[in-house]
Amino acid sequence: MQFFIDTANLKQIEEAKDLGILDGVTTNPSLMAKEGITGQDRIYGHYKAICDLVDGPVSAEVISTDYEGMLREAHQLVDIAPNIVIKIPMIKEGIKAIHSLSQEGIPTNCTLVFSAGQAILAAKAGATFLSPFIGRIDDTNWDGIALIREIAEVYAIQGFDTLILAASIRNARHIVESAKAGADVVTCPLPSILGLLNHPLTDIGLAKFLSDHQKAESKA
Ligand code: G3P
């Protein structure tokens, strides 16, 4: 399973990269706004800075909601760096755009996916990645992980190549459950990635090893 970080914060991207486990980055307009990045020049410059930091795929989302606008943005975005992936919303015009970009060999990430039916449509259109939003489904009292499992089952039966990218991850448990459910990629905020490190018995065990070592050394 690949690990992407879901942020536009360069320091957090560097911290995840330093762990040696980072395969890529996803962003969205809300995450760019959170970093205070506004205006096309600054936004594109920020994508370039992210692409310079990581070798793997970097998802950059279009703002247009019409087919022509999405294609125009996609062609501008792919010129930023060779590892840019065009993130496109799951709407009718988006499916048309994903199909055209797939014919051109431009990688896409179909975002805002909340059902298996949407997942089938995106795969048929040739999406490279599919982003079901687990946390937001859980927020509505439905089961986000069950959706990952259902999509993985459908894709396996049908032999679709589209990679399932579990998004809207809110905690470390979501990462484990996504892995069990068949996600190919998880994109996570940094605290969820770091949350994987935590277990109280690790901390207690390490403290005991170190204190036993110190006691033995002081007696020697
Ligand atoms: O990758 C999509 C993700 O950024 C959405 O996460 O926490 O806003 O639902 P969230």
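Quick look at the values:
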read-out	value
First in region 132-143 and within 20 Å of residue 91 (Cβ to Cβ) and among the charged types (D, E, K, R), second anywhere and within 11 Å of the ligand (Cβ to nearest atom) and at pLDDT 95 or above, Cβ under 6 Å, 6 or more apart	136/168
Leading residue by the ranking (nearest to residue 168 (Cα to Cα)) among those in region 25-78 that are of a type in the set (Asp, Glu) and outside any loop (DSSP other than H, G, I, E, B)	61
Residue within region 53-70 that is touching a residue at least 40 places away in the same chain (Cβ under 8 Å), closer than 20 Å to residue 105 by Cα, among the acidic types (Asp, Glu) and in contact with a strand residue (DSSP E or B) (Cβ under 6 Å, 6 or more places away or on another chain) present	yes
Given (1) in contact (Cβ under 8 Å) with a residue 24 or more places away in the chain; (2) more than 30 Å from residue 76 (Cβ to Cβ); (3) part of a helix (DSSP H, G or I), index of the condition residue 94 fails	(2)
From the options 60, 74, residue that is more than 18 Å from the chain's Cα centre (by Cα), aliphatic (A, V, I, L, M) and closer than 23 Å to residue 96 by Cα	74
Candidate set from region 179-208 (those that are without any contact (Cβ under 8 Å) to a residue 60 or more places away in the chain and within 28 Å of residue 125 (Cβ to Cβ)); member that is surrounded by the fewest Cβ atoms within 10 Å (Cβ to Cβ)	180
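The values are calculated or read from the model by the stated rules, or taken from the named source; none is laboratory data. For clarity, every value in this text was computed on a predicted model and none was experimentally measured. In this analysis, Cβ positions are derived from the backbone assuming ideal geometry, glycine residues included, and neighbour counts consider all displayed protein chains.
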